[in-house]
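Here's the structure, in structure tokens; my notes come after.
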Amino acid sequence: RTFARKKENQGRFDRVISCEMIEAVGHEHLGEFFWAVEQVLKYDGVLVMEAITTPEARYETYLRTTDFINTIIFPGSLCPSLHALVDASYKWSTLTLEHIDNIGLHYAETLAEWRRRFTA
């Protein structure tokens, strides 16, 4: 937020890349993240985000529980739902969703391999 509030950074970037960073933000700060990104983007700038998400049907329960990802892989993390991300973006910024790629099957293999090596 401090970076985004500095006058010299406002509208400075044409691209912002966020790779597995949103998980560290937490549900209560998702909107602030999108606000900050919008502040530093040029008018026609683009945010590219890669995130691990939680299915909508499990999200409310997930907010109150722990699992392998938020205790071992990324301690203290929160994998938001797609709806939580879009809702926060639309409430806190004028950023809009343009495209989604689901890489879940590939990432599931990665997590399985991490777990195998961790427990070896």
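The values are calculated or read from the model by the stated rules, or taken from the named source; none is laboratory data. All of these numbers come straight from a predicted model, not from anything done at the bench. Here the Cβ is made from the backbone with ideal geometry for all residues, glycine too, and neighbour counts use every protein chain on show. Heads up: the accessible areas ignore ligands, DNA and RNA and are worked out on the full protein's heavy atoms, side chains in. Shrake-Rupley method; radii C 1.70, N 1.55, O 1.52, S 1.80 Å.
For this structure, a couple of remarks:
- Overall form of region 72-120 per C-alpha gyration tensor (a/c, 1.5; a/b vs b/c): oblate
- Summed over the residues of region 26-78 and divided among them, the accessible surface reaches 58 Å² per residue at a probe radius of 1.4 Å.
- Helix 30-40 axis, angle to the chain major axis (alpha carbon atoms, nearest 10°): 40
- The fraction of accessible area contributed by carbon and sulfur in region 27-120 is 57 percent, rounded to a whole number (1.4 Å probe; ligands and nucleic acids excluded).
- Under a 5 Å amide H cut-off, with hydrogens placed 1.01 Å from N, residue 47 pairs with 16 among residues at least 5 apart or on other chains.
- Relative contact order of the chain, pairs being alpha-carbon contacts under 8 Å that are 6 or more residues apart, as %: 28
- For the chain: rounded, prolate or oblate by the Cα gyration tensor [a/c cutoff 1.5]: prolate
- For residue 72, the accessible area of its heavy atoms, probed at 1.4 Å with every protein chain present, is near 70 square angstrom.
- Over region 1-65, relative contact order from alpha-carbon pairs under 8 Å, at least 6 apart, %: 43
- Take each peptide in 14-23, 31-40, count the other Cβ atoms within 10 Å of every residue, and average; sorted highest first, the result is 31-40, 14-23.
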